[in-house]
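Following: one structure in structure tokens, then a few remarks.
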Amino acid sequence: MFLQQLVNGVALGSVYALIALGYTMVYGIITLINFAHGEIFMAGAFIGLLLVSAFKVNVFVAMAGAMVFCMLMGVIIELIAYRPLRKSSRLSALISAIGVSIFLSSLALMVFGADAKGFPDGAFPVRQIKVGTADISTLQILIIGVSAVLMMALEFIVQKTKIGKAMRATSEDYNTSALMGINVNRVISFTFALGSALAAAGGVLVGVLFNAVSFNMGLMAGLKAFAAAVLGGIGSIPGAMLGGLLLGVSEVFGVAIGYSSYRDAIAFTILVLVLLVKPTGLLGQKITKKV
Amino acid sequence: MADFLNSLVGSIDPYMLQILVNVGIAIVLALGLNVITGLTGQLSLGHAAFMSIGAFTSAMVTIKTGLPFFANLAVTGVVTAIVAAAIGFPILRLTGDYLAICTLGFAEIVKVFFLNFEPTNKALGLTVPPAKTSIPMPIYVWVVAILAIILVTFVQSSRFGRALKAIREDEIAADAMGINTARYKIQAFALGSFMAGIGGGLYAHFLSYINPSDFGFLKSVDILAMVVLGGLGSVPGAVIGSSVLASAPEFLRFMSQYRMLVYGALLVFLMVFRPNGLLGGVNVTELLLRAVGRKPAGK
């Protein structure tokens, strides 16, 4: 029972973590809460569904397709809605992000209709594997595996490549890195592309897991992933992973012990409690304000 | 008097009247958030939570007691302010986006609480009996809206309001100047929520049906968009922002299914072209004085 719930929780938590990474990376660089991120997750799920049902491709190919599409989407959104606002107040950019989010979810409502769509049968072979007392489905293994691979890839890009170094420098100090010859605009576009690709992968995984893709799936998932990012310490990549897993696991356990109607409140209660004790999140750095 | 007001309200097209009432309620809500976010600079993404606390409190007061409507609203406002102060006490230690996400989280918790709260019918929502007043609701809403405008205008230039602005500009400096920042932030939070509660009470009695799901994240965002669109910290800005955004979905109705699409795009374009809000950086008093041919004082 415990093991079973733990696996369920880790699977849900890795999806939260995938989305949370996008929030945290964008925040780390331009301190913008990208509220359209949940909608990119939703778009990824729809593109994946479209590829699987209309072009009969394999789930992995569909995931790759969704990731590429959402990369472009993320970059274009940044170009249109956030770049012109980079010099103005952060709240204006926030409202702009919310505008994009409303725009995208109503676009999805118009194009795909109001009811949830499912993946066709056999999109991914689901089997149950018995491990000790727990029944683990191949889907959960897929989700945990894909998330782990993607997060390791991200860690590699951020730590070992040149553009990753530029990302870290830009998030450390925007102006100085611009002076050091880093093309800041390109770094920001790249960050959006990276974050959006992860969200798209998360979207396809969630779509396959719950077998439901709908125009409003981005809202709650986005909010919870954002909560996960803040819980871990916003701007911190390991923090987002930790926060996502923590929220996923505690949500599943909360439901398991009988608080299913409080499901959506569990994540936020934990968030508020943790922030009261550690105001900058679990792995966030304490910033001393200079006068 | 009541007859005259009733006939006055009756002479307005009901559809127009509804838009007008929505605008009036939006003004009360936006001005409340303007105190928290505009004047004090504390970003709140959970204003709708206080609206819902107000709406349910006010509905319960009407159902359980025979208080006249103005007393009902006063009780509602005070209850909401007390809840806000109790919550604000721990969370206002947080700054910036950590505070924002905390208010967002709190708003979700309040929503889920009401969705599971037996006395208010859980997720079915609550039917609100008519308000105990002889004055028609639209007039009531607008009187409250005008009182709210007057209140915030006075608060803004009072000693209290100047302290809030000092906190917005630089909290550390304000602290060093001897302003008790923690206390002022809680007071501002309570005042803003007081108005949100009253707005919620008006909303409940005007619509006569409330559902916890109506007060979700999108409602909070709606109110925030009104404040930012109008221009942060400006009272005329909040009034214009709420008038534009509360009526926009109605005026865009001719586009039927494209309505929310256009609304989203509108938010982006307004922000891109007027990043400081419609009235950001515009001194309305000065404009008015100039319009009547008088030079503004001090120039």
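No value in this document is a laboratory result; all are computed from the given coordinates. The shown structure was predicted, so the numbers you read here are calculated from the model rather than taken from an experiment. Note that each Cβ is placed from the backbone with ideal geometry, even for glycine, and that neighbours are counted across all protein chains shown.
The figures follow:
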read-out: Value at 222 nm in deg cm²/dmol, rounded to 500, when DSSP H runs of n ≥ 4 in chain B each add -39,500 (n - 2.57); value: -23000 deg cm²/dmol
read-out: Hz values of 3J(HN,Hα) by residue in segment B:55-60 - Karplus curve (6.51, -1.76, 1.60), Gly and Pro given as x; value: 4, 6, 4, 4, 5, 5
read-out: Nitroxide proxy distance, nm - points 7 Å out along Cα→Cβ at A:Val68 and B:Asn116; value: 4.6 nm
read-out: Test item: B:91-99 mean partner chain Cβ contacts at 10 Å; value: 5
read-out: Tail weight of P(r) past 15 Å, computed on alpha-carbon pairs of segment B:1-94, percent; value: 71 percent
read-out: Sequence-distant residues sharing a close amide H with A:Leu282 (under 5 Å, placed H); value: A:Gly232, A:Gly233
read-out: Kirkwood hydrodynamic radius (C-alpha pairs) into Stokes-Einstein, segment A:1-108, 10 °C and 1.306 mPa s, D in µm²/s; value: 103 µm²/s
read-out: GNM flexibility winner over chain B from B:Pro138, B:Pro14, B:Pro68 (Cα, springs under 10 Å); value: B:Pro14
read-out: Cα-based Lys proximity count in chain A, under 26 Å, for pairs eight or more positions apart or on separate chains; value: 14
read-out: Where Cα atoms sit under 28 Å apart: lysine pairs in segment B:113-259 separated by 8 or more or lying on different chains; value: 6
read-out: Mean ellipticity per residue at 222 nm, deg cm²/dmol - from DSSP H runs of n ≥ 4 across chain A, formula -39500 (n - 2.57); value: -24500 deg cm²/dmol
read-out: Of the DSSP H helices in chain A, those whose Cα atoms cover at least 24 Å axially and whose Kyte score averages -0.5 or more; value: A:2-30, A:37-55, A:59-77, A:90-112, A:138-160, A:184-210, A:237-256
read-out: Average Cα contact separation per residue, segment A:1-75, under 8 Å, 6 or more apart, as relative contact order %; value: 22 percent
read-out: Spatial separation of Cα centroids for segment B:132-202 and segment A:192-264, in angstrom; value: 36 Å
read-out: Rel. contact order, % - alpha carbon contacts under 8 angstrom, at least six apart, segment A:3-125; value: 29 percent
read-out: Total charge dipole magnitude, chain B, about the Cα centre, Cβ charges on Lys, Arg, Asp, Glu only, Debye to nearest 20; value: 520 debye
read-out: Residue among A:Ser189, A:Ser137, A:Ser101 with the largest mean-square fluctuation in a Gaussian network model of chain A, springs linking Cα atoms under 10 Å; value: A:Ser137
read-out: Volume in Å³ per residue [convex hull over Cα atoms, computed for segment B:178-267]; value: 132 Å³
read-out: Amide H within-cut-off set for B:Lys132, under 5 Å, with H built and near neighbours excluded; value: B:Phe69
read-out: In Hz, Karplus ³J(HN,Hα) per residue of segment A:119-130 (6.51, -1.76, 1.60; θ = phi - 60°; x = Gly, Pro); value: 6, x, 4, x, 4, 9, x, 9, 9, 9, 10, 8
read-out: Relative compactness, chain B, computed as alpha-carbon Rg over 2.2 N^0.38 Å; value: 1.00
read-out: At 0.890 mPa s and 25 °C, Stokes D of segment B:141-225 from Kirkwood alpha-carbon radius, µm² per second; value: 165 µm²/s
read-out: Positive-end residue, chain A charge dipole about Cα centroid, Cβ charges, pick of A:Tyr23, A:Gly254, A:Ile143; value: A:Tyr23
read-out: Debye equation applied to the C-alpha atoms of segment A:141-291, log10 I(q)/I(0) at 0.12 Å⁻¹; value: -0.62
read-out: Amide hydrogen neighbours beyond the local backbone of A:Ser137, cut-off 5 Å, H modeled; value: A:Ile129
read-out: Under the Debye formula (equal points on every Cα, no solvent term), log10 I(q)/I(0) of the protein assembly as shown at q = 0.06, 0.08, 0.11 Å⁻¹; value: -0.32, -0.57, -1.07
read-out: Radius of gyration and maximum dimension Dmax of chain A, Cα, Å; value: 18.7, 61
read-out: Average beta carbon contacts from partner chains per residue of A:267-277, 10 Å cutoff; value: 5
read-out: Net dipole in debye of the protein assembly as shown [+1 Lys, Arg Cβ; -1 Asp, Glu Cβ; about Cα centre; nearest 20]; value: 1240 debye
read-out: Fluctuation leader among B:Met255, B:Met226, B:Met51 - chain B, Gaussian network, Cα springs under 10 angstrom; value: B:Met255
read-out: Normalised contact order of chain B, rounded percent, pairs of Cα under 8 Å and 6 or more residues apart; value: 33 percent
read-out: Shielding by other protein chains, B:105-118, mean Cβ within 10 Å; value: 5
read-out: Charge-dipole axis of segment A:208-291 as Lys and Arg at +1 and Asp and Glu at -1 on Cβ define it, positive-most pick from A:Ala227, A:Ala267, A:Val208; value: A:Ala227
read-out: Cβ-based charge dipole, chain A, positive-most Cα from A:Gly218, A:Gly164, A:Thr133; value: A:Gly164
read-out: Calculated from backbone phi, Karplus (6.51, -1.76, 1.60) coupling profile of segment B:240-254 in Hz, x at Gly/Pro; value: 5, x, 6, 5, 5, 6, 6, 9, 4, x, 6, 6, 8, 4, 4
read-out: Electrostatic dipole magnitude of chain A [Cβ: Lys, Arg +1; Asp, Glu -1; Cα centre; debye, to 20]; value: 800 debye
